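**Q** Got a structure for you, questions after.
Read-outs: derived from the displayed coordinates by stated rules, not from any lab. What you see is a predicted model; the values in this text were computed from it and never measured. Neighbour counts are summed over all protein chains in view; Cβ atoms, including those assigned to glycine, are modelled from backbone coordinates with ideal geometry.
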Amino acid sequence: MRSVQPLFYKVICTTNKSKPMILPILAYGDPVLRKVGKEITKEYPKLEELIANMQETMKNALGVGLAAPQIGKDIRLFLIDASPFAESEELDDEEKLFLQDFKGIFINARIIEEDGDEWAFNEGCLSIPNINEDVFRNETITIEYQDENFEIKKDTLSGVAARIFQHEYDHIEGILFTDKISTLKKRLLKKKLENISKGKVDVNYRMKFPKLKK
Ligand SMILES: [Zn+2]
């Protein structure tokens, strides 16, 4: 007897939702990156569309996190998708397994507590391309936030997951990772950062440069 091949019917999607858009990421030097984000409510205009566009923008730039100020909105919203770290050779299996599924939409987030020893991790930022520096942060954090349905969540994170959250959280507080490096390193990076503001940088995703001469 021959097995019968199942029949698949093509489902044609008829929703009128527009395709998500890739938004320009603001480069170092843009004043919006320095603003403290405002809390938002469910009524924030076109929130679903904004989140979909940010997801698309983050994916396109191969980021593990993207905060609303980076696309020009000074609100307390950021996204994380840590799955690329699941491929990292420097992490142990348990952490890789956790990071594989560590993704989410974080609204009105607060870090309630920071705990544990400070440790260094080499950070980078989509707004500051081609610069990576070791940043010291606490190992463990307790967080409170609202998810995309505005349900209140509380969680404890440690290691790389905490690290990504701390970096994104800084964005909604107007802080960049380059603020947290030594005075000497800051001096060494001054010219490079100035060049990024002017658009003199090699980058393969869409950006907006505050000091680009037209
Ligand atoms: Zn960043």
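**Q** Nothing charged except the Cβ atoms of Lys and Arg (+1) and of Asp and Glu (-1): what's the magnitude of the dipole of the chain about its Cα centre? Round to the nearest 20 debye.
**A** Charge dipole, the chain, about its Cα centre: 1800 debye, nearest 20.
**Q** Per-residue HN-Hα couplings for region 118-131, Karplus 6.51 cos²θ - 1.76 cosθ + 1.60 at θ = phi - 60°, whole Hz, x for Gly and Pro?
**A** Per residue, the Karplus-derived 3J(HN,Hα) values read 7, 9, 8, 9, 6, 9, x, 8, 4, 7, 10, x, 6, 10 Hz.
**Q** Further, regarding this structure: How far apart, in nm, are the 7 Å Cα→Cβ label points at Arg34 and Lys103?
**A** Going by the 7 Å Cα→Cβ label model, 3.5 nm.
**Q** Does region 55-194 classify as rounded, prolate or oblate by the C-alpha gyration tensor (a ≥ b ≥ c root eigenvalues; a/c under 1.5 gives rounded; else a/b over b/c gives prolate, otherwise oblate)?
**A** Cα axes put region 55-194 in the rounded bin.
**Q** I've got another one for you. If amide H atoms are built 1.01 Å from N in the plane of the peptide, which residues on other chains or at least 5 residues away come under 5 Å of the amide H of Cys125?
**A** Ile131
**Q** Let's test the formula: R0 of 25 Å, r as the Cβ-Cβ distance of Glu43 and Arg206. What FRET efficiency results, to the nearest 0.05?
**A** 0.30
**Q** Let me check against my output: what whole-number percent is the relative contact order of region 138-214, with C-alpha pairs under 8 Å and at least 6 apart?
**A** Computed value for region 138-214: 17 percent relative contact order.
**Q** Select from Gly116, Gly124, Gly65 the residue whose mean-square fluctuation is largest in a Gaussian network model of the chain (Cα-Cα springs shorter than 10 Å).
**A** Taking springs between Cα atoms under 10 Å, the residue moving most is Gly116.
**Q** So who's got an amide H within less than 5 Å of the one on Met207, skipping anything under 5 residues away but keeping other chains? H placed 1.01 Å off N, in plane.
**A** Residues meeting the criterion, in which the H sits 1.01 Å from N, are Ile25.
**Q** Hey, in the GNM for the chain with a 10 angstrom Cα cutoff, which one of Thr183, Thr142, Thr57 fluctuates hardest?
**A** Comparing Thr183, Thr142, Thr57 in the GNM, the peak value goes to Thr183.
**Q** Past 18 Å, Cα to Cα, is the threshold; run Lys38/Lys73; Lys191/Lys214; Lys19/Lys46; Lys46/Lys103; Lys190/Lys214 against it and keep the listed order.
**A** Violating the 18 Å Cα-Cα cut-off are Lys191/Lys214; Lys46/Lys103; Lys190/Lys214.
**Q** With runs of 4+ DSSP H residues as the only contributors, calculate the mean residue ellipticity of the chain at 222 nm using -39,500 (n - 2.57) per run, divided by the residue total and rounded to the nearest 500.
**A** Counting only the DSSP helices, I get -7500 deg cm²/dmol.
**Q** What residues have an amide H closer than 5 Å to that of Ala109, excluding those fewer than 5 places away on the same chain, when H is modeled at 1.01 Å from N in the peptide plane?
**A** Here Gln146 satisfy the definition.
**Q** Do you know the relative contact order of the chain, to the nearest whole percent, from alpha carbon pairs under 8 angstrom that are 6+ apart?
**A** Taking the mean separation of contacting Cα pairs over the length of the chain, I get 24 percent.
**Q** Could I ask something else about it? Would you please give the FRET efficiency between Glu94 and Leu62, computed as 1/(1 + (r/R0)^6) with r the Cβ-Cβ distance and R0 = 30 Å, to the nearest 0.05?
**A** That gives a FRET efficiency of 0.80.
**Q** Residue separation times 0.36 nm, minus the C-alpha to C-alpha distance between Ala120 and Leu184: what's the value?
**A** Answer, rounded to one decimal: 21.4 nm.
**Q** Also: Tell me the Rg and the Dmax, in Å, that the Cα atoms of region 62-119 produce.
**A** For region 62-119, the Cα-based Rg and Dmax read 13.7, 37 Å.
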